[in-house]
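Below is one structure, written out as structure tokens; the observations come after it.
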Amino acid sequence: CVVHTDCANTGSFVCGNELLNRIHRATVWSQRSNLMGYPMDCPQRDERLGWFGDAMVSMEEAQFNFDMPVFYNHWLNGVRLNQNGTNGDISIVSPRPYIPDEPDPTWSSAYLVMTWQYYVHYGDREFLSQQFDAMKRYVDYLGTQASNHILPKYWIGDWGTIVEGWKEGEPVSVSTAFYYYDARIVAKAARVLGRAAEAKEYDTLAKQIRASFNRRFFDPHKKEYEQGTQFSNAFPLFLGLVDPADEPAVLENILHDIERRQWHFNVGVLGAKYLIEALTDHGQSAAAYTLATQTGYPSWAHLLEGGRTTLSEFWDLHGSHNHVMLGSIDGWLYRNLAGIQTDEQHPGFEHFFIKPFVPQSLSFVKAKIQTVRGPITVSWVNTNGIFELNVSVPANSSATIHVPAKSRKNVQSQPALRSERFENGAAVYNVGSGAYLFRVLAE
């Protein structure tokens, strides 16, 4: 008997790689199993808690796969109402009374990250306004815990990592990185809400944290953060904490570490999401795809060995066999293989991007999501030297579509359109609502 909160399945994804299809199906099953009025960690043991970190890394795939606005509105409002009334701290699970002896910004920051993601995905400005003061109070609380903008070591860190000798709370830098992340989110929310003075205040704070973070954790000779693990380097890269001049070297250190492990990752729950994000954001989608489709231990393929249909808690298959937190990769499938990407400047899919990554070994992708403005569908086929991309844009939306090609002249479209420009190996088109077909002919 399948029991879960009545969040309709509103997304679909299928592609020419059956392993990725299995990962997608297992993520959907694991997510559905853990929708019980709040985002649970697991449904089968006597824990069943709304751990913030688990919910944060899986939120993107949940928004693609299910009808989630009422669910997240209810839960995040509960988090806000449960904020410590004295100092502004936020717990690490909800629903549950505030736990004063277990603070950790690595998990509590999920409240800010998820609130901003909710706003971007659904375009609900009123919801953002409702949460703003609590978000600001939390960042101010972190300021009282920091010394020269550096937070101390807490107890979670990159949970479930397979870094040798890892201790709870490591890498130590992750808490300060989230402090920076939180300050940036508050600044962006303030701008959306027309609170210019607060936007400037928290932008300034973010810059101060960034400077302190790099002084404390970056080795300018080795071009790495802390011990140079994949996650300790990838998270600053993802957040924009790395000086632009050092980004190539930090990225190269990450790739070198992956390569020396025979193209396997070495991360936990946070790293499973943010390593993939950092690689993709810095032009290494091919490396991210290799990790997503890798076999053996550790890998998503390993999580599904033995015909498993839900995801395990840990890479080595210990613990729970129905946790969704390692399913963060499913959001990447929608956002990078199908290419459906939100636009922070035009939330709620008023405008969005279609930027598919097309691996040579992948023959097709089909995806559909239901947005607040209607359905977005994307499908592409890459066979016999011809690439075809079909995109459907809902009413009252516009999209910028990046069509992978060797040059603009190779691209045909129906209806006939003229590309705006050619950049990063793609012809770029700006379109309104409607259905579009692009065909890229081999030279």
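The values are calculated or read from the model by the stated rules, or taken from the named source; none is laboratory data. Every value quoted in this text rests on a predicted model; they were computed, and no experiment measured them. Because the Cβ atoms are built from the backbone with ideal geometry, glycine has one as well, and the counts that use them run over all protein chains shown. Ligands, DNA and RNA are excluded from the accessible area calculation, which covers all protein heavy atoms including side chains. Shrake-Rupley method; radii C 1.70, N 1.55, O 1.52, S 1.80 Å.
Remarks
- Rolling a 1.4 angstrom probe over the protein heavy atoms with all chains in place gives the chain an accessible area of 40 Å² per residue.
- The range 119-162 - Rg (one decimal) and Dmax (whole number), Cα, Å: 15.2, 41
- Most to least packed among 234-242, 403-411 [average Cβ atoms within 10 Å]: 234-242, 403-411
- Where the alpha-carbon atoms of the range 45-162 are placed on the principal axes, they occupy 40, 35, 25 Å, in descending order.
- 320, 363, 147, reordered so the largest accessible area comes first (probe 1.4 Å): 147, 363, 320
- Relative to the Cα centre, the charge distribution of the chain, modelled as +1 at Lys and Arg Cβ and -1 at Asp and Glu Cβ, gives a dipole magnitude of about 1120 debye.
- Accessible-area value, residue 335, 1.4 Å probe, nucleic acids and ligands omitted, Å²: 30
- Between 430, 148, 384, the residue with the greatest mean-square fluctuation in the GNM of the chain (Cα pairs under 10 Å linked by springs) is 384.
- Choice from 252, 313, 170 showing the highest fluctuation, given a GNM over the chain with Cα pairs closer than 10 Å: 252
- Ligands, DNA and RNA aside, residue 68 has an accessible area near 0 Å² when probed at 1.4 Å.
- Dimensions of the range 238-391 based on its C-alpha atoms, expressed as ranges along the principal axes with the largest first, amount to 45, 41, 36 Å.
- Note that the range 332-391 carries a Kirkwood radius of 12.1 Å, evaluated over its alpha carbons pair by pair.
- Listed values for the range 217-231 are Karplus-derived 3J(HN,Hα) couplings in whole Hz (6.51 cos²θ - 1.76 cosθ + 1.60, θ = phi - 60°), namely 10, 9, 9, x, 7, 7, 6, 8, 9, 6, 7, x, 5, 4, 6, and x replaces Gly and Pro.
- Estimated from helical segments only, the mean residue ellipticity of the chain at 222 nm is -12500 deg cm²/dmol, where each DSSP H run of four or more residues counts as -39500 (n - 2.57).
- Accessible surface of the chain [probe 1.4 Å, protein heavy atoms]: carbon and sulfur percent: 49
- Residue with peak Gaussian network fluctuation, the chain [Cα springs, cutoff 10 Å], from 110, 211, 62: 211
- Overall dimensions of the chain by Cα: Rg and Dmax, Å: 21.3, 67
- Relative contact order of the range 8-122, taken over Cα pairs closer than 8 Å and 6 or more residues apart, is 25 percent.
- Solvent exposure of residue 256, expressed as accessible area, is near 110 Å², computed with a probe of 1.4 Å over the protein chains only.
- Using equal-weight Cα scatterers in the Debye expression, the normalised intensity of the range 196-243 in log10 at q = 0.16, 0.30 Å⁻¹ is -0.48, -1.10.
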